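The values are calculated or read from the model by the stated rules, or taken from the named source; none is laboratory data. Remember, it's a predicted structure, so these values are computed and weren't measured experimentally. For neighbour counting, all protein chains shown are included, and Cβ atoms are generated from backbone atoms with ideal geometry for every residue, glycine included.
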């Protein structure tokens with residue numbers, strides 16, 4: 001059974017969308033567009049909702065992420081730490097566009113975060 005909700009936010013010419021789905025006891029949060037200071041609060045609140053659920057696993061899907069700044073990197077690190085502290089299983093799926101992959105590699109976060117294979 002799949003349940004979900006979607007949020008779309010347009011800030012100027014930028015586009016951001018997020019979809020949260022519940023599939024077989026797991027929560028999946030898909031982030032589309034740009035993950036930066038203007039939207040990290042939305043993502044963080046949605047992740048907190050998922051963390052407050054009874055889901056045994058939370059997947060943050062970045063496959064359609066086009067841009068990631070330093071505040072987005074900080075959020076990913078914070079989410080990983082919260083997951084470890086709570087004993088939950090956080091997985092990160094995909095790494096978005098080439099420039100997002102490059103930022104993750106340059107900062108070394110690609111080695112620290114729980115990316116799915």
Selection count where residues are touching a residue at least 12 places away in the same chain (Cβ under 8 Å) and surrounded by fewer than 20 Cβ atoms within 10 Å (Cβ to Cβ), scope region 41-53
6
Only residues that are over 17 Å from residue 109 (Cα atoms) and crowded, with 21+ Cβ neighbours inside 10 Å: list them for region 60-90, please.
none
Go through the residues of region 63-71 one by one and say whether even a single one is touching a residue at least 12 places away in the same chain (Cβ under 8 Å) and more than 12 Å from residue 35 (Cβ to Cβ).
yes
Criterion first (in a loop (DSSP other than H, G, I, E, B), in contact with a helix residue (DSSP H, G or I) (Cβ under 8 Å, 6 or more places away or on another chain) and crowded, with 16+ Cβ neighbours inside 10 Å) does residue 113 satisfy it?
yes
Does residue 61 meet the test of being at pLDDT 90 or above and touching a helix residue (DSSP H, G or I) at 6+ places or on another chain (Cβ under 9 Å)?
no
